[in-house]
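For reference, the structure discussed in these notes is given below.
The values are calculated or read from the model by the stated rules, or taken from the named source; none is laboratory data. All of these numbers come straight from a predicted model, not from anything done at the bench. Cβ coordinates were reconstructed from backbone atoms using ideal geometry, including for glycine residues, and neighbour counts include every protein chain displayed. With ligands, DNA and RNA removed, areas are computed over all heavy atoms of the protein, side chains included. Shrake-Rupley method; radii C 1.70, N 1.55, O 1.52, S 1.80 Å.
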Amino acid sequence: GRGRTQSPALPVTPEEALKAEFLKRLRALGGDYFEYYSVYLLERYSLRNGRRLEGMRVSGGERDGGIDGEITLTDKFGFRETIYIQAKNWDPSKGKEELWVIGETLLQQFIGAVACRQGSRHSRGIFVTTSRFTPEARELLETMADRFIGYDGDDVFEAAKECSFGLKEKDGEWTLDEELLSGGKAFFNLL
C-alpha cells in the first residue's frame, strides 16, 4: 500500500527458516570463528567424499596473505592436492549491499594469492562466504571452475547438513547444533 515500507520476505518453509537462523548464528560469531568453521567443514566434506586427510591448517588473520586455511588431501588413487580456503563471514543485510557481497576483485585477489603459493600448480581454491557472489564474480568462478569454486551461504548450509556440522538431524528434523554454534574456537580442537 501507499506510504508503507515493504518488509523483507520472511522464510516460508521450515527449511528456509532454519537456513536463515543458521546463517544468522554463523554471522554473529565473527570472522575468526568462521575461518575455523570453514576449514573444518570442508575437511569433513572432503573425507565424506572418499579422500584421505594429509594435513590441515587455519592460517587466517590480518597477515594471512589472502589465505585463511588449507587442506591437503589424497584421493583413492593416491593423487595429492592442496585446497586453499578464503572465508568471508559477511552479512549482506548490514547496509549498503554492494559492500557485503563478494565481487570479482576479491576473487581475483584470492586467485592471485593461491597462484603465488609454493607448489600451487596442483592446488585448488574455495572461496567460502555466508553472503553471496555478484554475477561478475560468478562468471569469473565459471571460467576458473577447474581450479576455483565459490561457496555462498546456501552452499554452506547444504554442506553443513550433509556433514552434520553446525546442524543435527534428530527424529527426522534438522536443528541447530548449539554446541558447535556456541562460539568457542576451542571446540574445533576437540574434533
- Do the conditions hold for V156, that is, is it over 26 Å from A28 (Cβ atoms), β-branched (V, I, T) and in contact (Cβ under 8 Å) with a residue 12 or more places away in the chain? no
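Applying the selection to region 74-112, what residues are of a type in the set (A, V, I, L, M, F, W, C) and farther than 24 Å from L29 by Cβ?
F77, F79, I111, listed by residue number.
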- The condition from (1) under 15 Å from G69 (Cα atoms); (2) within 17 Å of the chain's Cα centre (by Cα); (3) among the polar types (S, T, N, Q) that T134 misses is numbered (1)
- Query: In this structure, does L26 turn out to be under 22 Å from M144 (Cα atoms), outside any loop (DSSP other than H, G, I, E, B), in contact (Cβ under 8 Å) with a residue 60 or more places away in the chain and hydrophobic (A, V, I, L, M, F, W, C)?
  - Reply: no
- Restricting attention to region 76-121, which residues are closer than 16 Å to S46 by Cα and crowded, with 18+ Cβ neighbours inside 10 Å? T82, I83, Y84, I85
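Determine, yes or no, whether R124 is open to solvent by 50 Å² or more (accessible area, probe 1.4 Å), touching a residue at least 24 places away in the same chain (Cβ under 8 Å) and of a type in the set (K, R).
Details: open to solvent by 50 Å² or more (accessible area, probe 1.4 Å): yes; touching a residue at least 24 places away in the same chain (Cβ under 8 Å): yes; of a type in the set (K, R): yes.
So R124 fits the description; yes.
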- Can you spot a residue in region 67-76 that is in contact with a His (Cβ under 9 Å, 6 or more places away or on another chain), part of a strand (DSSP E or B), modelled with pLDDT under 95 and among the polar types (S, T, N, Q)? no
- Query: Could you list, in sequence order, the residues of region 34-66 that are surrounded by 19 or more Cβ atoms within 10 Å (Cβ to Cβ) and outside any helix (DSSP H, G or I)?
  - Reply: R51, V58, G60
